[in-house]
1. Of everything in the stretch 123-166 that's assigned to a helix (DSSP H, G or I), of a type in the set (Asp, Glu) and under 15 Å from the mean Cα position of the chain (by Cα), which residue is nearest to GLU113 (Cα to Cα)?
2. Please pick out the residue among ILE108, ILE84, ILE58 that is part of a helix (DSSP H, G or I), touching a helix residue (DSSP H, G or I) at 6+ places or on another chain (Cβ under 7 Å), under 20 Å from LYS3 (Cβ atoms) and not polar (S, T, N, Q).
3. Starting from the stretch 5-18, keep only residues that are assigned to a strand (DSSP E or B), then list their pairs with residues that are surrounded by 22 or more Cβ atoms within 10 Å (Cβ to Cβ) and among the polar types (S, T, N, Q) whose Cβ atoms are within a distance under 6 Å, requiring at least 6 positions of separation or different chains.
4. Does at least one position in the stretch 67-82 carry a residue that is touching a Lys or Arg at 6+ places or on another chain (Cβ under 6 Å), of a type in the set (Gly, Ala, Ser), surrounded by 14 or more Cβ atoms within 10 Å (Cβ to Cβ) and more than 25 Å from ILE164 (Cα to Cα)?
5. Given (1) surrounded by fewer than 19 Cβ atoms within 10 Å (Cβ to Cβ); (2) modelled with pLDDT of 95 or more, identify the lone condition not met by TYR27.
6. Being more than 23 Å from VAL147 (Cβ to Cβ) and within 17 Å of the chain's Cα centre (by Cα) is the filter here, so list the residues in the stretch 2-33 that pass it.
7. Which members of the stretch 128-148 meet the condition of being in contact (Cβ under 8 Å) with a residue 24 or more places away in the chain, over 14 Å from ALA68 (Cα atoms) and surrounded by 19 or more Cβ atoms within 10 Å (Cβ to Cβ)?
8. Report, by residue number, each residue of the stretch 128-167 that is at pLDDT below 95, touching an Asp or Glu at 6+ places or on another chain (Cβ under 9 Å) and of a type in the set (Lys, Arg).
Amino acid sequence: MAKEQTLIVVKPDGVSRNLVGEIIRRYEAGGLRVAALKMLKASAPLIKKHYPAKKDYIMSLAGKGRKAGDPLASRDPVGYGMMIVTGMRKYMTEGPVVAMILEGENAIKKAREITGYTDPSAADKGTIRGDLGEDTILKANKERRPVKNLIHASGNADEAKYEIKLWFGKR
C-alpha cells in the first residue's frame, strides 16, 4: 500500500492533561511519522468548517449516541446530532489544540486503530482512548456536553485530504 497521510487533532482535554507527548509517542510506536505539527487556538470559523452541520455527519453522531444508550439520539436524531456539533464547536475553541499530519502505510486506518473508539469507556485497552480516556458518551450526553475523548482522527481518505488542507493549507 502506498504511503498516505491523515490528520490528528489533540483536543483541549488532551492538551490540558499534558498528554501530547504520550499521544505522539503512541502513533510513532505504531509506525507512523509526524510530517507536520502545530499548536494553536482554533478559530470559530475553522472549527465550523471542521464540524459541519451536514446530515450524514449529524446522523452518524446520533448512531453513536444510540449505541451509548442515549434515548434522545433515537427520539430526535437531528436535534441530538446538532447538540453534539454545537457543543464540539464550542469545546474545540476553549483552549489550545495540537494539529498534526501523520503519514505512513495505511496511515488513516492505523491512526484510528491506535486512537480507539469514540467513546473512551468502550475503546479497547491498549488504544489511546481506552488507556487514557476518562469520559463516556453517556455521561457527556446526560450533562449535555461533548465527550472529552482526547483526539480527532480523520475517518477516511476524503476526510483526511479535506481536513489536512483545512488545518495546514496547501502543502
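1. GLU159
2. From the options ILE108, ILE84, ILE58, the qualifying one is ILE108.
3. Every condition considered, the pairs that remain are THR6/SER154; LEU7/SER154.
4. Residues of the stretch 67-82 that are touching a Lys or Arg at 6+ places or on another chain (Cβ under 6 Å), as a first pass: 73-74.
Narrowing further to those that are of a type in the set (Gly, Ala, Ser): 73-74.
Filter again for surrounded by 14 or more Cβ atoms within 10 Å (Cβ to Cβ), leaving 73.
Right, trim to more than 25 Å from ILE164 (Cα to Cα) and you get 73.
The answer is yes, given that some residue of the stretch 67-82 is touching a Lys or Arg at 6+ places or on another chain (Cβ under 6 Å), of a type in the set (Gly, Ala, Ser), surrounded by 14 or more Cβ atoms within 10 Å (Cβ to Cβ) and more than 25 Å from ILE164 (Cα to Cα).
5. (1)
6. GLN5, the sole residue that qualifies.
7. Passing the criteria: ILE128, LEU132, LYS148.
8. LYS142
The values are calculated or read from the model by the stated rules, or taken from the named source; none is laboratory data. A quick note: this is a predicted structure, and the numbers were derived from the prediction, not measured. Glycine also receives a Cβ, built like all others from the backbone with ideal geometry; neighbour counts cover every protein chain displayed.
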